[in-house]
Amino acid sequence: MNLVIGIPAALILLGLVAWALWRAARAYWKLHGRRVVTCPETGQPAAVDLAMWHIALTATFSEPTLRLRDCSRWRQRERCNQPCLGEILAAAEDCLVLTILSKWYRGKACICCGRPAGRISRWGRNPCLMSPDLRMLEWKDIEAENISQMLATHSAVCRTCLVAETHTS
């Protein structure tokens with residue numbers, strides 16, 4: 001008799017755990033990544049990271065709630081009440097650094113060789129930038145809150161030209 005009740009109960013429990021893990025993983029995948037928002041207090045760009053453990057935990061059985069893990073403005077100011085979360089909720093994809101860069105590079109040609117500059121990806125070898133004074137910059141060397149300024153003044157460079165430049169200097 002216990003086996004008849006135990007197996008279905010275990011399957012139901014296993015199904016609930018799988019469903020909760022799926023929701024947590026889906027929320028994590030959708031919301032992870034560095035973002036650039038406008039700080040409501042200062043009106044300046046700020047680079048923020050979300051507390052992904054909190055999002056995954058709250059997403060298991062309800063809608064995920066957002067909380068900041070880090071903000072570039074916290075270095076100059078004390079922790080705030082995180083009013084920028086409204087901007088992230090309104091446009092979670094649009095403020096993602098990966099999205100901002102992908103849109104900017106779309107259709108751009110390399111300033112050095114004229115070939116397509118390439119695409120931005122999470123894991124790939126990404127294109128880079130050339131400053132007005134002809135210095136090559138990789139994205140790992142640029143603070144996220146400065147992206148808008150950089151995109152306004154710098155040119156796209158493909159990964160091949162970056163490698164050629166850095167290996168011949």
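Read-outs throughout are calculated quantities, based only on the coordinates presented, and are distinct from any laboratory measurement. Please read all numbers here as calculations on a predicted model, not as lab measurements. Note that we place each Cβ from the backbone using ideal geometry, even for glycine, and neighbour counts take in every protein chain shown.
Side notes on the structure shown:
- Taken along its three principal axes, the alpha carbon spread of the stretch 2-90 comes to 63, 21, 16 Å, from the longest extent down to the shortest.
- As a length-normalised measure over Cα pairs under 8 Å and 6 or more apart, the relative contact order of the stretch 2-90 settles at 25 percent.
- Using every pair of distinct Cα positions in the stretch 97-168, the Kirkwood expression returns a hydrodynamic radius of 12.1 angstrom.
- Helix-only [θ]222 nm of the chain, DSSP H runs n ≥ 4, -39500 (n - 2.57) each, per residue, nearest 500: -13000 deg cm²/dmol
- Note on the chain: dipole from Cβ charges, positive end direction compared against Ala91, Leu50, Ile12; the farthest Cα belongs to Ile12.
- The orientation-averaged projected area of the convex hull spanned by the Cα atoms of the stretch 20-169 comes to 10.5 nm².
- Candidates per chymotrypsin sites (Phe, Trp or Tyr not before Pro) in the stretch 75-169, loop by DSSP, up to 13 other Cβ within 10 Å: Trp123
- Scanning the chain for trypsin sites (Lys or Arg not before Pro) that sit in a DSSP loop and have at most 16 other Cβ atoms within 10 Å, the longest stretch containing none of them is 1-66.
- Couplings for the stretch 40-45, taken from phi via the Karplus curve 6.51 cos²θ - 1.76 cosθ + 1.60 with θ = phi - 60°, read x, 6, 10, x, 9, x Hz in order; Gly and Pro are left as x.
- Normalised contact order of the chain, rounded percent, pairs of Cα under 8 Å and 6 or more residues apart: 17 percent
- Euclidean distance between Cα centres, the stretch 68-141 to the stretch 25-60, Å: 15 Å
- Membrane-span-like helices in the chain, defined purely by DSSP H runs whose alpha carbon atoms cover 18 Å or more axially and whose average Kyte-Doolittle hydropathy reaches 1.0, are 2-31.
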